[in-house]
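Scroll down for the structure; my scribbles are underneath it.
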Amino acid sequence: MNSGLSEEARKFLAHTVAESMEGYELRDPQLTMMDACAGTIDAGGTLVAEAGTGTGKTFAYLIPIILSGHKAVVSTRTINLQEQLASKDLKLLSALKDFDYAVAKGRSNFLCLRRLHAFHPDNTEESAEHKDMLDWAAETASGDREDYHNYKRPLIWEKVCADSDACKGKKCSHFKNCFYFVARQKWEAASIVVTNHALLTINAMMPEDKKILPKAEVLVVDEGHALDSIVSEQIGLNLSDRGFDKILNELLRVDQRGVYKGLLSKTPVLFPDVEALRVEIGVFFSKVGSASENRRIIKGTFRLSDSLSELSASIRSLLEKIRESVVGLFTEDEELDLKAAILRLRSLAEGMGVFTEEAEGFVRWAEVEERRTALRMSPIYPSEFVRTNLMPYYSSVILTSATLSVAGDFGLIEDILGLDRPETLSVASPFDIRNQVEVGIERGIDLKTEKGIEKLAGTVLRESTKEEGGTLVLFTSREVMRKTWDISAEKLSSAGLNPMLQGELPNRKMLREMRESTNSVIFGLDSFWEGVDVKGDSLNCLVITKLPFEVPTEPIVVARTEEIRKKGGNPFRDYSLPRAVLKFRQGFGRLIRAKGDRGRVIICDERIVTKDYGRRFLASIR
């Protein structure tokens with residue numbers, strides 16, 4: 001039986017929304033999901049709702065929230081998806097029903113006026129950008145990094161962005177105009193706050209009086225299939241040589257003229273101690289590189305635990321010497337930045353103590369790369385954190401995505417997130433995928449070889465120029481994406497197309513250009529496998545370069561498969577294959593976004609027809 005909220009939501013969709021959108025058609029799957037969302041919002045509890053491509057799931061949960069009058073936090077996987085939700089669905093609905101909404105981002109996305117005005121450039125490049133940023137600060141309403149015209153790689157952003165450890169709060173002379181706190185006020189006033197999974201997790205880690213996001217009755221986790229990996233990343237530990245170098249360079253560094261710069265440049269008595277610690281850190285991570293295999297799980301007591309403990313003690317010793325030596329030497333602005341650097345260094349020292357011994361439910365490993373070495377620690381499953389730190393703060397929780405079940409079984413996502421007997425719902429796509437999509441399979445492309453990458457580049461060029469329309473090329477490897485780009489980008493441009501590479505432009509700018517044209521070719525990684533919503537001929541060709549299996553040697557994957565094996569399960573059947581099928585469905589769903597859409601999907605991985613398990617992938621899209 002439908003609730004009163006459900007009936008009200010149906011009427012609002014059928015009349016107010018449908019009448020405002022030319023050609024809008026009511027869809028049974030959308031109505032079914034909206035009824036379920038309304039019921040959960042009314043009665044409380046947890047709903048896991050899988051909604052096939054084209055269901056209209058955002059309206060299905062947003063309309064009942066708006067009509068209920070409850071405050072809600074809606075979390076998406078990325079900032080890109082946040083912006084898309086706000087600029088499309090919420091903008092449209094707010095024109096039909098009066099309510100406020102806001103997009104919540106992490107503090108470092110905002111310019112800090114105090115740090116900007118206190119900043120002293122080290123060279124002409126920094127001086128030019130500082131002047132440019134001062135001009136931008138005078139005209140921008142948001143102070144949001146993505147709105148800065150030199151977005152790609154601002155040299156000084158990390159030195160002038162908002163930083164919780166270097167913030168004076170209400171005591172700051174810039175507080176009334178502070179971009180971050182003005183944004184926070186908007187979050188508090190809004191009925192719906194759109195955030196991302198990373199910020200949602202950081203907020204859940206904080207004590208009650210330090211939380212960033214406002215209190216709310218309803219939590220919607222959109223793109224819910226991605227929550228576990230982001231939670232694990234955020235609550236885990238990351239000790240890297242780059243991280244230490246960054247902090248030490250803030251404290252003390254030598255410029256091109258041999259002059260000491262940095263927060264401690266006024267205290268020569270500390271120079272030997274900082275440099276000694278820098279050397280000790282370098283020696284330690286060199287030992288890690290020699291003693292560890294890249295991304296290999298560390299069992300038992302860490303073999304370099306004594307060296308790690310000694311390094312931790314050296315850091316604490318330096319911090320004590322800083323405390324004793326800097327009294328009265330700095331301006332207030334310098335003291336704030338010094339305090340922030342000290343807190344970050346102390347946090348890393350504390351993390352060292354955690355890493356030395358194996359902890360139940362966690363996995364440790366080393367990352368040994370050409371320019372970076374790190375020690376990492378992460379929960380095998382984030383279920384305990386989700387169950388205790390996240391779920392209790394909301395009376396109603398809706399977890400939704402186009403891909404949450406495998407053949408209707410939600411067991412995998414329930415186990416990983418620790419969900420306790422939630423209500424579940426799966427509604428199929430209203431689209432006629434068989435007739436709207438032409439599927440082609442390219443054989444003989446081995447991406448481990450240069451010849452295979454050349455063949456992939458040729459396939460991208462052929463398919464992109466076959467007929468008018470945009471193309472999205474989905475990769476699972478940054479290296480393969482870059483090599484394919486290097487081979488094909490110039491040829492694509494010569495053919496009158498507009499190739500764009502993820503990382504070279506903001507995602508939202510790339511998608512805007514694609515929506516406004518029929519000649520765009522986007523080369524994208526993980527974030528483009530989901531949440532991309534481009535209709536019509538702006539996107540009518542999708543190239544899937546490889547079946548998206550997780551790397552089997554990844555530490556968390558290894559740890560999870562070991563857990564499954566211990567319990568008598570089959571890791572490939574019970575974990576690896578279902579995860580890959582879910583990801584494949586996500587990518588496939590980027591192509592058809594409306595009933596009138598037509599297009600081609602080119603799968604460049606012959607395993608989909610040569611391996612028995614390939615049938616699971618094909619069955620998932622039919």
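Would you mind telling me the share, in percent, of accessible area of the chain contributed by carbon and sulfur at probe 1.4 angstrom? Walk me through the numbers on the way to the answer.
On the way: 13680 of 28500 Å².
Reported share for carbon and sulfur atoms: 48 percent.
Pairs on different chains or at least eight residues apart, Cα atoms closer than 19 Å: how many lysine pairs in region 429-524 fit? If you can, show how the numbers build up before the last one.
Values: LYS448/LYS483; LYS451/LYS483; LYS451/LYS491; LYS455/LYS466; LYS455/LYS483; LYS455/LYS491; LYS466/LYS491; LYS483/LYS491.
Number of lysine pairs found: 8.
Would you work out the Kirkwood radius for region 466-537? I mean one over the mean of 1/r across all pairs of different Cα atoms, in Å. List each step's numbers first, then the result.
Values: mean 1/r = 0.0809 Å⁻¹.
Every distinct Cα pair counted, the radius reaches 12.4 Å.
Per residue, how many Å² of accessible area does the chain show with a 1.4 Å probe?
Value returned for the chain: 46 Å² of accessible area per residue.
Can you grab the distance from the C-alpha centre of region 34-84 to the C-alpha centre of region 408-484, Å, no decimals?
First find each Cα centre; the distance between them is then 25 Å.
Work out the charge dipole of region 291-412 with +1 on the Cβ of Lys and Arg and -1 on the Cβ of Asp and Glu about the Cα centre, then indicate which of SER305, VAL354, GLY411 is farthest towards its positive end.
GLY411
Given only helices, namely DSSP H runs of n ≥ 4 each adding -39500 (n - 2.57), what is the per-residue ellipticity at 222 nm of the chain, to the nearest 500 deg cm²/dmol? Each step should come with its number before you reach the end.
On the way: 24 runs with 270 residues, N = 622.
It comes out at -13000 deg cm²/dmol, rounded to the nearest 500.
How far is the Cα center of region 222-253 from the Cα center of region 158-220, in Å?
Going from one Cα centre to the other spans 19 Å.
As a quick test, which of the pairs LYS211/LYS566; LYS91/LYS168; LYS71/LYS567; LYS97/LYS583; LYS210/LYS567; LYS211/LYS246 have an alpha carbon distance above 32 angstrom in this structure? Don't jump to the answer; show the numbers that get you there.
Working: LYS211/LYS566 38 Å; LYS91/LYS168 34 Å; LYS71/LYS567 42 Å; LYS97/LYS583 35 Å; LYS210/LYS567 40 Å; LYS211/LYS246 27 Å.
Flagged as over cut-off: LYS211/LYS566; LYS91/LYS168; LYS71/LYS567; LYS97/LYS583; LYS210/LYS567.
Any number yet on Rg/Rh for the chain, C-alpha, Kirkwood?
On the way: Rg = 25.8 Å, Rh = 26.7 Å.
My calculation of the ratio gives 0.97.
Of all DSSP beta bridges located in the chain, what percent are antiparallel, nearest 5?
Numbers: 17 of 66 bridges.
Taking every DSSP beta bridge within the chain, about 25 percent pair in antiparallel fashion.
Tell me which DSSP H helices of the chain clear both cut-offs, 18 Å or more of axial length from alpha-carbon atoms and a mean Kyte-Doolittle hydropathy of at least -0.5. Present the calculation step by step, with values, prior to reporting the outcome.
Values: long enough: 28-43 (23 Å, 0.16); 124-139 (23 Å, -1.21); 271-291 (30 Å, 0.68); 305-325 (30 Å, -0.31); 332-355 (35 Å, 0.10); 450-466 (24 Å, -0.68); 478-494 (24 Å, -0.89).
In the chain, the long hydrophobic H runs are 28-43, 271-291, 305-325, 332-355.
The values are calculated or read from the model by the stated rules, or taken from the named source; none is laboratory data. These figures come from a predicted structure and were not determined experimentally. No Cβ is skipped: glycine too gets one built from the backbone with ideal geometry, and neighbour counts run over all protein chains shown. To get the accessible areas, we keep the full protein, side chains included, count just its heavy atoms, and leave off ligands, DNA and RNA. Shrake-Rupley method; radii C 1.70, N 1.55, O 1.52, S 1.80 Å.
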